[in-house]
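Just below is one structure, and these are the notes that go with it.
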Number of protein chains: 2
Amino acid sequence: MDVVVSAAGDTPFKPVAEIAPEDYEAAFRGKVLSQIELVRQGVGHVAARGSFTLISGVLADEPIPTGSAASMANGAIEAFVRAAAIEIAPQRVNAVSPTVFTESLDDYGSFFPGMPSVDLARVTEAYVRSVEGAQTGQVYAVR
Amino acid sequence: MDVVVSAAGDTPFKPVAEIAPEDYEAAFRGKVLSQIELVRQGVGHVAARGSFTLISGVLADEPIPTGSAASMANGAIEAFVRAAAIEIAPQRVNAVSPTVFTESLDDYGSFFPGMPSVDLARVTEAYVRSVEGAQTGQVYAVR
């Protein structure tokens, strides 16, 4: 196996005034630990110069109301990628950090007022860059 | 109560090749959820213009071998702070992100080769800046 790519992660969205510790735990399990485990368990199965590409997201940098658990998870993934990269070389690990997809504006656009969306094709480019390129420990922001 | 300050957090240090999912969970509980709970439970008890100051650390940006769980936790805290800030205003929340302390070089200096240390007095300044200043959602790096 040469390449592991993740584009999945699930986090609750609730106001800080209403969120429970279990929601943060769910975000940790649903987007952080789940993706960390791809790397941790994967290093023994991926080729010596293979790569992992995880997903974080714009909320790591640009928060929205109700998004504190998602932001937490995205920040965790981005820092993990930088750290794991220096240990698993010459295997590589990067993250793709997209903003809201143009294709998802009908569902989620109201959460991102005034923020430019990106076409899914541009997000795909970032995955290709991670997989076919040579860098590691990078966060490829697609904004 | 006007001010909540945290300078505590505990994370395991193990190579990616040896670390277990339980270690990442321990880092999440020991440094991320523990500090999130200070904010989540604290918002109802802190003054309208009071503040929270959490601790992250240099490993969010500058990793060291065995530090992937600590990096993950620090990145999570920094993104959480940015996100919580926009919801709890006019209460404020920031993070202080120190590098290795000069006072800890005997114990930990070998983990930070060539990285300048900072005196604890400079870390204290960053806490004062967070508490007495007016910004929110900031990460005050002490490097």
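The values are calculated or read from the model by the stated rules, or taken from the named source; none is laboratory data. Bear in mind that the values here come from a model prediction, so they are computed numbers and not experimental data. Because the Cβ atoms are built from the backbone with ideal geometry, glycine has one as well, and the counts that use them run over all protein chains shown. What goes into the accessible areas is simple: the full protein's heavy atoms, side chains included, and nothing from ligands, DNA or RNA. Shrake-Rupley method; radii C 1.70, N 1.55, O 1.52, S 1.80 Å.
Residues whose amide H falls under 5 Å from that of B:GLY133, counting only those 5 or more places apart or on a different chain, are absent, with hydrogens built in the peptide plane. Remark on A:LYS14: its backbone amide H falls under 5 Å from those of A:SER68, A:ALA69, a criterion applied only to residues 5 or more positions apart or on other chains, H modelled at 1.01 Å from N.
Average accessible surface for the stretch A:13-143: 42 Å² per residue, computed with a 1.4 Å probe over protein heavy atoms with every protein chain in place. The residue among A:VAL100, A:LEU120, A:ALA76 whose Cα reaches farthest toward the positive pole of the charge dipole of chain A, with charges on the beta-carbon of Lys, Arg, Asp and Glu, is A:ALA76.
The H on the amide N of B:VAL96, modeled in the peptide plane, is under 5 Å from the matching H of B:LEU54, B:ILE55, B:SER56, B:TYR140, each at least 5 residues off or on a different chain. Per-residue Karplus couplings for the stretch B:21-32, computed as 6.51 cos²θ - 1.76 cosθ + 1.60 with θ equal to phi - 60°, are listed in order as x, 5, 5, 5, 5, 5, 5, 4, 5, x, 10, 8 Hz, Gly and Pro entered as x.
Simple point charges give the picture: +1 on the Cβ of Lys and Arg, -1 on the Cβ of Asp and Glu, and for the protein assembly as shown a dipole about the Cα centre of about 320 debye. On full extension, the segment bounded by A:ARG143 and A:ASP2 gains 48.0 nm, given 0.36 nm per residue less the C-alpha separation.
With coordinates expressed along the principal axes, the C-alpha atoms belonging to the stretch A:22-82 extend over 42, 23, 12 Å, beginning with the largest. Computed over chain A, relative contact order equals 26 percent, with contacts defined as Cα pairs under 8 Å that lie 6+ residues apart. Each Lys and Arg Cβ is given +1 and each Asp and Glu Cβ -1; about its Cα centre, the stretch B:3-142 then shows a dipole of about 580 debye. Evaluating 6.51 cos²θ - 1.76 cosθ + 1.60 at θ = phi - 60° for every residue in the stretch A:125-134, the Karplus couplings come out as 3, 5, 5, 4, 4, 5, 6, 8, x, 10 Hz, glycine and proline recorded as x.
The convex hull built on the alpha-carbon positions of chain A has an orientation-averaged projected area of 8.3 nm². Summary value for the stretch A:31-80: 45 percent relative contact order, contacts being C-alpha pairs under 8 angstrom separated by 6+ residues. Rolling a 1.4 angstrom probe over the protein assembly as shown with all protein chains present gives an accessible area of which 52% lies on carbon and sulfur atoms. Calculated mean residue ellipticity at 222 nm for chain A: -11500 deg cm²/dmol, from DSSP H runs with n ≥ 4 weighted as -39500 (n - 2.57), summed, divided by the residue count and rounded to 500. Take A:ARG129, push a point 7 Å out from Cα through the beta-carbon direction, and compare it with the same point in every other copy: 3.0 nm, smallest first. Heavy-atom accessible area for B:HIS45, with the other protein chains in place and a 1.4 Å probe, reaches approximately 130 Å².
Using a 1.4 angstrom probe on protein heavy atoms only, the contact between B and A buries about 2800 square angstrom of accessible area, both sides summed.
Expressed as a fraction of 2.2 N^0.38 Å, the value expected for a compact globular protein of N residues, the C-alpha radius of gyration of the protein assembly as shown is 0.98. Accessible-area loss of 30 Å² or more (1.4 Å probe, protein heavy atoms, chain alone versus all protein chains) is found in the stretch A:7-43 for A:VAL16, A:PRO21, A:TYR24, A:GLU25, A:PHE28, A:LEU33, A:ILE36, A:ARG40.
The candidates B:MET115, A:MET1, arranged from most to least accessible area with a 1.4 Å probe in the full protein assembly, appear as A:MET1, B:MET115. Interface residues of the stretch A:69-83, defined as a loss of at least 20 Å² in heavy-atom accessible area between the chain alone and the complex of all protein chains with a 1.4 Å probe, are A:SER71, A:MET72, A:GLY75, A:ALA76, A:ALA79, A:PHE80, A:ARG82, A:ALA83. Since only A:PRO21, A:GLY137, B:GLN41 are under comparison, the one whose Cα sits farthest along the positive direction of the charge dipole of the protein assembly as shown, derived from C-beta charges on Lys, Arg, Asp and Glu, is A:GLY137.
In the assembly of identical copies, A:LEU105 has its label point, taken 7 Å from Cα in the direction of the beta carbon, separated from the corresponding points by 5.6 nm (ascending, one decimal).
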